[in-house]
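Chemist: Pasting a structure here, questions to come.
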Amino acid sequence: MLGKNYKKKGVLFVLKSMTGFGRGDYDSEAYKIHIEIKSINNRYYDMACHMPRTLNVFEDDIRKCVSGFIERGKVDVFVTFSETSGGLKKIKVDKNLVISYHKALNEISDILRLPRPDAVHQISNYPDVLTVEEDSLHQEAFKEPFLCAVQEAVDHLLKMRTLEGQHIYEDLKTRLAHLTELVDLIEEHAPLIVEEYRKRLRQFLLTELLNVDETRVIQEVALFADKVNFTEEIVRLRSHFKQFSQSLEEKGAVGRKLDFIVQEMNRETNTIAAKANSAKIAGLVVELKSGIEKIREQIQNIE
């Protein structure tokens, strides 16, 4: 049994994808069981069982088994069951009904002066003479191997979800590192925005007024610097990056938490784009937003 975590090469991976597939089988002389479990993306945990009515008594056990290891996603459990030697079913004869049919047929024979019925198969074909019923004692003995097959399918599903989660984890770490590099470049370029504005303003005053009032330049530059200052947004953006990275290492379902953090990343990035009066930073912000969107798409598949 894999449990909630999956170890590989001494490393513990906890991030899981919501998509996966698992199967489990159990064969005996009496019956064959085949279990398939499929899971796909879903905002919440939702599970459905698809199986013969004969096995409906085990639905609660299946739900407990699956919900113990999966916290989020749309899960479908498909159960195929076949008997090889009578298995769980037996034929029941309604003796009283047989006697009643026989008496009625003999009475009809006397009335119509026809031969009396003497073929067993003739009476057995009448409604409700023979019925197929389940053997509850066999069902109880069947429970353990049945749930073992379910657990086998769950283990395979968890392995697939965990391995896929590992790939997503590695991709997200790479993308997060690239976003950090972009923020570094934006922060490095920030002082140049004010300096470029100062140069443009001095050139304008020199061209239009033929002289430069340094006091006015200082005042205008100070107002402009305050307007385009996005230091707070950069600090919060770096904090979101750190929270995102830490959340990737947490146990359990973290997909919705990561989605919220990405929303906050977008919020800070949009504010930077609105404040930064620079073509260079505008280009970096476009790349930053594109990277955040790719991360958002990836985490839609995280449990």
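Chemist: For region 223-282, which residues satisfy the criterion of being in contact with a Phe, Trp or Tyr (Cβ under 9 Å, 6 or more places away or on another chain), among the β-branched types (Val, Ile, Thr) and closer than 21 Å to Gln300 by Cα?
Modeler: Ile261, Val262
Chemist: Return the residues of region 244-276 that are farther than 16 Å from Val183 by Cα, of a type outside the set (Lys, Arg) and touching a residue at least 60 places away in the same chain (Cβ under 8 Å); say none if nothing qualifies.
Modeler: Within region 244-276, Leu248, Glu249, Glu250, Gly252, Ala253, Val254, Gly255 qualify.
Chemist: Mind checking which helices (runs of 4 or more DSSP H) fall wholly inside region 54-132 and carry at least 2 residues that are closer than 18 Å to Ile35 by Cα?
Modeler: By residue number, 59-67.
Chemist: While we're looking at this one, here's another question. Name the residues in region 11-41 that are in a loop (DSSP other than H, G, I, E, B) and either in the same structural domain as Val254 (by TED's automatic domain parsing) or surrounded by 14 or more Cβ atoms within 10 Å (Cβ to Cβ) (or both), would you?
Modeler: Listed by number, the residues that qualify are Val14, Leu15, Lys16, Met18, Thr19, Ala30, Asn41.
Chemist: Only one residue in Glu214, Glu233 is crowded, with 17+ Cβ neighbours inside 10 Å and at pLDDT below 90. Which one?
Modeler: One residue alone meets the criteria, Glu233.
Chemist: I'd like to verify a number: residues in region 150-196 that are of a type in the set (Gly, Ala, Ser) and modelled with pLDDT under 95, how many?
Modeler: Within region 150-196, residues that are of a type in the set (Gly, Ala, Ser) and modelled with pLDDT under 95 number 2.
Chemist: Quick check: anything in region 2-10 touching a helix residue (DSSP H, G or I) at 6+ places or on another chain (Cβ under 7 Å) and at pLDDT below 75?
Modeler: Yes; the residues of region 2-10 include at least one that is touching a helix residue (DSSP H, G or I) at 6+ places or on another chain (Cβ under 7 Å) and at pLDDT below 75.
Chemist: Glu170 is checked against (1) in the same structural domain as Leu55 (by TED's automatic domain parsing); (2) out of contact with any helix residue (DSSP H, G or I) (no Cβ under 9 Å at 6 or more places or on another chain) and fails just one. What number does that condition carry?
Modeler: (1)
Chemist: Restricting attention to region 15-66, and to residues there that are under 30 Å from His167 (Cβ atoms) and among the aromatic types (Phe, Trp, Tyr), which single residue is modelled with the highest pLDDT?
Modeler: Per the criteria, the residue is Phe21.
Chemist: Let me ask another. For region 45-104, how many residues meet the condition of being of a type in the set (Ser, Thr, Tyr) and surrounded by fewer than 15 Cβ atoms within 10 Å (Cβ to Cβ)?
Modeler: 6
Chemist: Go through (1) at pLDDT 75 or above; (2) over 30 Å from Tyr45 (Cβ atoms); (3) exposed (fewer than 13 other Cβ atoms within 10 Å of the Cβ) for His121 and report which single condition fails.
Modeler: (1)
The values are calculated or read from the model by the stated rules, or taken from the named source; none is laboratory data. Since the model is a prediction, treat every value here as computed from it, not as a measurement. FYI the Cβ positions are ideal-geometry reconstructions off the backbone, even for glycines, and counts take in every protein chain you see.
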